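Peer 1: This is the structure I have questions about; it appears just below.
The values are calculated or read from the model by the stated rules, or taken from the named source; none is laboratory data. Small disclaimer: the values here were computed from a predicted structure and weren't measured. So basically every Cβ, Gly included, is an ideal-geometry build from the backbone, and we count neighbours across all protein chains shown. Side chains are part of the model used for accessible areas, which takes the heavy atoms of the whole protein and leaves out ligands, DNA and RNA. Shrake-Rupley method; radii C 1.70, N 1.55, O 1.52, S 1.80 Å.
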Amino acid sequence: MRGALIPVLVLAVWQGLAAGGVFNPEVLPAPGAVAVRWWAYLTPEQPFDPARDAWLSWLLSGELVGDAAASLYRVVVGFFIGAGLALPLGLAMGASRLVFGLFNPLVQVLRPIPPIAYIPLAILWFGLGNPPAIFLISIGAFFPVLMNTIAGVQTVDSIYIRAALNLGAGPATLFLRVMLPAAMPYILAGARIGVGTAFIVVIVSEMIAVNSGLGYRILEAREYFWSDKIIAGMLSIGLIGLAIDGFMDRLSRVLLVWHRGLES
Amino acid sequence: MTIRGVTKRYGAAGRQVVALENVELDIIAGEFVCLLGPSGCGKSTLLNAIAGFSPPSAGTIEVGGVPVGGPGPDRGMVFQEYALFPWMTVAANVGFGLEIKGVPRAEIAVRVHRLLEQLHLAEFRARYPKDLSGGMRQRVAIARILALDSPILLMDEPFGALDALTRSNLQDELLRLWGEFRKTIVFVTHSIDEAIYLADRIVVLTYRPGTVKRIIQVALPRPREASSPEVSALRRELIALVMEEQTRFQRDESLMVRQD
């Protein structure tokens, strides 16, 4: 109940300002107008026609569903490329001083560059469409996963390693059965940050490189002065981001049932 | 097991600490030996050298005539911090050593089950270490080593972090298991009472550098009553020996504080 207080208050003030005519509706539409526009954005444009399509595909034919699917596709592909490269490199850098010494200087120089700064290069290299967007998202996901994987492997408690050696573990067993699971809480925390970054980058890249997705849609709406649709799109972005984070949280709870830090 | 002239130095030249100096010790198969002494006497260092985690700077350690090269499952170690793998269930922890050896799954299941029964852990087989009390965890750690069937058990203050009652239960349990499995046990402790209760022989070490100060044979029948006159006499003798070293340790410590 307490959690609803501030949102309701914000809505009331917003409604009051809009109804009082303080702002032009093109600058600040009323909450009701945003809700109507959101419904129109979410629901199918055509009336249901059983002769033409199946019920489920009709239900999902709304513009918002298509945009969300396009954005999520880019996030998933970009994340898996970025994290898929970061994980083996991070494991190698965490486990070997030699590999760490070789790669760390380059990583330290590249890491502070925001993924957005790669936009000009991404367009030069990949043109327009999905490839530059996915490239940018991969970069966004790469560094959080890399840094956390390195830290995770480097901070494995030496007592586990001693215990495993005492049980006769060889290098492969030691790495796969001891160091990797011991580093897993860090790696999953990195993946959660990486997905969050990927979702930020997808919105930005859609404003520049492609003609679909949530980021593209709110920029398009600006050209028509549809501020109600901009806000409806922003709220959709917020809710989807929240859902993604919730999913990652559930995933790490399932994978880390053994972990002490997750006891409620 | 024979330990000959074992010396262990730490640190760079000039600021070197000699943890062990010229330690000589023979341990017979099936014997229960306690290494006793104050903090800094090198008892854990000696145990780690036997385990093969950190080789001595000089001298040799041989087990069954073979020099110790590195850590291995023939010398199972039980750590004070339990060192169970928190991502494995109790059963997986106990079976891990067998899995490394390449024992078939079905046989691992049978042997793990039998051990868990013997240590009264069967109902916790699917639990993770975080769900267990300290005493339970240490039982699992002991089961993990017994599963390997190593002839030698190295125990580094295994009951030091437990409350008095749990500690006393586990001491009885360890003696029972020792009788049942016929292992050689090298047990590090700073508790005089624990050493008297458990050991066939008590090796008192000196404070820095660690050397063998005295070896005391304890021929008393088990279970040993804390109030019996023989135990009391032995305790007085040991207190006197350990106190000499404890005093040197405290003098050193206060010197270090003054230097800081």
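Peer 1: How do A:THR149, B:THR247 stack up against each other in accessible area, from largest to smallest, with a 1.4 angstrom probe?
Peer 2: B:THR247, A:THR149
Peer 1: For the protein assembly as shown, with the dipole built from +1 on Lys and Arg beta-carbon atoms and -1 on Asp and Glu ones, taken about the Cα centre, which of B:PHE96, A:ALA51, B:PRO151 lies farthest toward the positive end?
Peer 2: It is B:PRO151.
Peer 1: Which FRET efficiency value, to the nearest 0.05, is calculated for A:LEU239 and A:ASP157 with the Förster distance at 35 angstrom and r the Cβ-Cβ distance?
Peer 2: Taking R0 as 35 Å, the efficiency between A:LEU239 and A:ASP157 is 0.35.
Peer 1: Which of B:THR60, B:THR206, B:THR166 ends up with the largest GNM mean-square fluctuation for chain B, with Cα atoms connected below 10 Å?
Peer 2: B:THR166
Peer 1: Okay, moving on. Cα atoms only, the range A:62-262: Rg and Dmax in Å?
Peer 2: Rg then Dmax for the range A:62-262, in Å: 19.6, 70.
Peer 1: Right, another one. Select from the range B:94-141 all residues whose loss of accessible area on going from the chain by itself to the full protein assembly reaches 20 Å² or more (probe 1.4 Å).
Peer 2: B:PHE96, B:GLU99, B:ILE100, B:TYR128, B:LYS130, B:ARG137
Peer 1: So, one more: For a quick check of your reading of the filter: which GluC sites (Glu not before Pro) in the range A:19-128 sit in a DSSP loop and have no more than 16 other Cβ atoms within 10 Å?
Peer 2: The qualifying sites are A:GLU26, A:GLU45.
Peer 1: Mind checking which of B:ILE61, B:ILE145, B:ILE27 has the largest fluctuation in a GNM of chain B, springs on alpha carbons under 10 Å?
Peer 2: Of B:ILE61, B:ILE145, B:ILE27, the most mobile in the Gaussian network model is B:ILE27.
Peer 1: Take every Cα-Cα distance within the protein assembly as shown, group them into 10 Å bins from 0 onward, and report for each bin the whole-number percent of pairs it holds.
Peer 2: 3, 14, 18, 18, 14, 11, 9, 7, 4, 1, 0
Peer 1: What number results when the radius of gyration of the range A:109-170, computed over Cα atoms, is divided by 2.2 N^0.38 Å?
Peer 2: Against the empirical 2.2 N^0.38 Å value, I get 1.80 for the range A:109-170.
Peer 1: Kindly report the accessible area of the protein assembly as shown per residue (heavy atoms of protein chains, probe 1.4 Å, no ligands, DNA or RNA), in Å².
Peer 2: 50
Peer 1: In whole Å, what three semi-axes, largest first, describe the equivalent ellipsoid of chain B built from its Cα gyration tensor (square root of 5 times each eigenvalue)?
Peer 2: Over the Cα atoms of chain B, the ellipsoid semi-axes are 31, 22, 18 Å.
Peer 1: Work out the charge dipole of the protein assembly as shown with +1 on the Cβ of Lys and Arg and -1 on the Cβ of Asp and Glu about the Cα centre, then indicate which of A:LEU106, A:LEU180, B:ILE61 is farthest towards its positive end.
Peer 2: Towards the positive end, the residue furthest out is B:ILE61.
Peer 1: Counting other Cβ atoms within 10 Å, keep those with at most 14, restrict to DSSP loop, and tell me which GluC sites (Glu not before Pro) in the range A:150-235 are left.
Peer 2: Hits after loop and neighbour filter: nothing returned.
Peer 1: Using the Cβ atoms and a cut-off under 12 Å, what net charge is assigned to the surroundings of B:ALA122, where Lys and Arg are +1 and Asp and Glu are -1?
Peer 2: Once positives and negatives cancel, what remains is +2.
Peer 1: Test of understanding: given chain B, find the longest segment containing no trypsin sites (Lys or Arg not before Pro) that are in a DSSP loop and have at most 14 other Cβ atoms within 10 Å.
Peer 2: B:16-181
Peer 1: A further question follows. Between chains A and B, what is the buried accessible area in Å², counting both sides, with a 1.4 Å probe and ligands, DNA and RNA left out, to the nearest 100?
Peer 2: In total, chains A and B hide about 2100 Å² from solvent.
Peer 1: Magnitude of the Cβ-charge dipole of the range A:62-262, K/R +1 and D/E -1, about the Cα centre, nearest 20 debye?
Peer 2: Result for the range A:62-262 is approximately 720 debye, rounded to the nearest 20.
Peer 1: With a 10 Å cut-off between alpha carbons and a GNM built on chain A, which of A:VAL109, A:VAL36, A:VAL204 moves the most?
Peer 2: Maximum fluctuation in the GNM of chain A, among the listed residues, is at A:VAL109.
Peer 1: Chymotrypsin sites (Phe, Trp or Tyr not before Pro), restricted to the range A:194-264: which are DSSP loop and have at most 13 other Cβ atoms within 10 Å?
Peer 2: A:TYR224, A:PHE225
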